[in-house]
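Taking it in order: structure first as structure tokens, then the write-up.
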Amino acid sequence: MSAGNLTPQEAYEAILKRLDNRVPELASRIRDAVQEGKQVYEQFPSNSSKQKTQKSRTVRQKVPYTYEEAVGIALEILKAHFVELPLVINSAHDNFAAVARATPLTGRTLFGMSGDPEKVKLEDAGEPKIIEVELVTATAIVATDRETVPLERVSDELLTQQRHNFERLSELLDFN
């Protein structure tokens, strides 16, 4: 066991304790995922005397994860948060930067009621764009009520460090 003499339960609890102090929302996500449990299927033979004509029953039920499985789930969530999400954000920045913004040359809105495309001016191709995610959606958005989170590009150095940290953590918490 290369988990530094920790049992899977101790390792899981240590992960949650550290996250509770630093990123409580992430600790809560891990707890929710682990508490959800896993689905298992159990097959029961038929109890009737007509066993040849009746099939056995299969029942699906939720069972809790073992602590070793819970550590694995915590690692997957940490990887998604600290490694994969920044990669997606950087990819979105790259894709948006390559696209031009179209501004109508007339005062009308783009693709007006007639359905005819209007003449537009293309600008900002190859330039970085501001990307925000709207947290509260509504059919009619009022600018003052809109809550958004800007998605900032993550530096390559930080991504490399996060990958390295995750690999080290995975090695430390390998119970095989």
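What follows is calculated from the coordinates using simple rules that are stated; it is not laboratory data. These numbers were taken from a predicted model, which means no experiment stands behind them. Don't worry about glycine lacking a Cβ; one is built from the backbone with ideal geometry, like all the others, and counts go over all protein chains shown.
Per-residue 3J(HN,Hα) values for the range 120-128, derived from phi via the Karplus relation 6.51 cos²θ - 1.76 cosθ + 1.60 with θ = phi - 60°, read 10, 9, 9, 9, 6, 5, x, 9, x Hz in sequence order (x marks Gly and Pro).
Straight Cα distances below 28 angstrom link LYS55 to the lysines LYS38, with same-chain residues fewer than 8 positions distant left out.
Residues whose amide H comes within less than 5 Å of that of LYS38, counting only those at least five positions distant or on another chain, are VAL63, TYR65 (H built at 1.01 Å from N in the peptide plane).
Amide H contacts under 5 Å for VAL99: GLY126, restricted to partners 5 or more places along the chain or on a different chain, H placed in the peptide plane at 1.01 Å from N.
Per-residue Karplus couplings for the range 130-135, computed as 6.51 cos²θ - 1.76 cosθ + 1.60 with θ equal to phi - 60°, are listed in order as 7, 10, 10, 10, 7, 7 Hz, Gly and Pro entered as x. Using a cut-off of 14 Å between beta-carbons, work out the net charge of the residues near HIS93 (Lys and Arg +1, Asp and Glu -1, HIS93 not included). So the surrounding residues net to -4. Across the range 158-173, rounded Karplus estimates of 3J(HN,Hα) from the backbone phi angles (6.51 cos²θ - 1.76 cosθ + 1.60, θ = phi - 60°) give 5, 4, 4, 5, 5, 4, 4, 4, 5, 4, 5, 5, 4, 5, 5, 9 Hz, Gly and Pro being marked x.
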